[in-house]
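Let me begin by presenting the structure, written as structure tokens, before commenting on it.
No lab work stands behind these numbers, since they all come straight from the coordinates. No experiment lies behind these values; they were computed from the predicted model shown. When we count neighbours, we look across all protein chains shown, and the Cβ atoms used for this are built from the backbone with ideal geometry, even at glycine.
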Amino acid sequence: MLRHFAILTLSTALPLPSATGQDPARFPPLPPAIAGEVTLPLTQTPPLPWRAVGTGTALRIDDAGILRASWRRAPREAFGLALAFRAGGLPGLGSLRLRLSGDAPATLLVSLRDDAGQVFSWPMQRLGAGPLALELDADDLAPDPFQNGGRTPGEFAAERAVILSLTDIAGYLGGAPGEAGFALLEATARVGATAPAAAECASAAEATFFAALVDGDGTPQDAARLLLLDALQRPHDARPALLLGLAHLWRAAEGDHRDPGLVDELLLAERWLARAADLDPSEDRLPSWLVPARIAIARTFGDPGAIPALREPLLAAARRDPAFHGFAVGLLGYGAARDSNAFAAGLAALRATVADADPTDPSVRNEPRWPHNREGFLLFAASYEQRAGEAGRALTLLDRVEAIPSFADWPFRAEVEARRTAWRAGRDPDAGGEFMQRNACVVCHRAR
């Protein structure tokens, strides 16, 4: 009896090399191995999203954060999900551990496709309506005669694997039509070598962070997952700790402040930024991120008396480098009483940056990773002047925003005219700072 019976047609939603011509080298790398295991992320978001297999398959993340696939079974069709990743992620594959929970009986085929389009499959598995735990030994992989279209592939080489698929082939075996599906609870590969290299993981983690921040391709949470792996892979390097702290700070700053879960984000931001400071004491930018995190924690836990002392490292840094740190000093002062020292310090810091900054300083320029830095800063400075009662200064700064060559591409350009109109009518549309709260990071970093 043949081990595998099905001719599987993968959905064109999956970026298969054979289907779309996409170079497998452009697939994202898997996370690095930790203690000999590679844990596959179970998500639909970049950089490693699972994709639907089969027309009509629906994927979703449920309220508990579990990846689920569902479909209506049809004759001579296969349904399920698949994950595409860069070759080299599973070197020395020993076994694949899966935990699933079936919605209805299914015939499960687990396959690996390599970068030459060759498919190797494990023996079929019966999935019932309930949990199933599998430990699939790599020695049991065999060429899949049907998925290979009659070709005779060479030997399986784990380091060349680029797509993992889990499909229900009951429709090819006489299974009755009806609703079916399963939840994928775990996918872990035991490997015999470290994968991928630390440098490759670092590159993927940093690219994911800036793709989310600059291009809106993903979320801070997506970036944090890879950055955590990078930080564990390079525990004595300040760079991944810094970016991981910033990912958590971004989430805390721009998230829904009614969500108590943001407290965890604040605590994680402070912890990783503090670690970055310990690992690289020369990193003078850190006060602009670490101090606001610590002040927010003090406010959250009812310790306002600690705030003046917590603010001092940022004020000292602003005296050394007002161009970089002026924005953070302003953010801390914006919501304070107008006659307070904090408000006055923020206003002075912003004015110093506007008047005295060196135009060649990257802190006051638009650069690829902060493409609208000037627009975001001047909009904030204008809002601060308006709040200080300096309407003339505020309107002049709005004019300067519109004169910036990249203004037409700025995703927040509508804010300028909205504020000009409101201010001239004696209203302040952002008196409470809600706009900056929601967009504190992306107002300068988001490209379009």
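Worth a mention:
- As a calculated quantity, the FRET efficiency between Ala142 and Ala211 at R0 = 22 Å, using C-beta atoms, amounts to about 0.05.
- Net charge of neighbours whose Cβ lies under 13 Å from the Cβ of Pro304, counting Lys and Arg as +1 and Asp and Glu as -1: +2
- For the chain, the longest principal axis of the C-alpha atoms and the axis of helix 414-424 are separated by about 30°.
- Calculated [θ] (222 nm, deg cm²/dmol) that DSSP helices of n ≥ 4 give over the chain, each run adding -39,500 (n - 2.57): -12500 deg cm²/dmol
- Spin-label proximity, Asp409 to segment 365-395 - amide N less than 17 Å from point 7 Å beyond Cα toward beta carbon: 365-377
- Computed extension gain for Leu232 through Ala116, at 0.36 nm per residue and net of the alpha carbon distance, reaches 38.5 nm.
- Rounded if a/c under 1.5, otherwise prolate or oblate - segment 197-283, Cα gyration tensor axes: oblate
- At an R0 of 41 angstrom, the distance between the Cβ atoms of Arg424 and Asp361 translates into a FRET efficiency of 0.80.
- With both labels modelled 7 Å from their Cα along Cα-to-Cβ, the Thr188 to Ser282 distance reads 4.0 nm.
- FRET efficiency estimate (nearest 0.05) - Cβ-Cβ, Glu159 to Gln437, R0 35 angstrom: 0.15
- Kirkwood Rh, Cα atoms: Rg over Rh of the chain: 1.08
- Long-range amide H partners of Glu186 with built H, under 5 Å: Arg99
- Sites matching trypsin sites (Lys or Arg not before Pro) across segment 25-107 that sit in DSSP coil, with at most 16 neighbouring C-beta atoms within 10 Å: Arg76
- Residue-span extension gain [Ile66 to Glu402] - 0.36 nm each, minus C-alpha spacing: 116.4 nm
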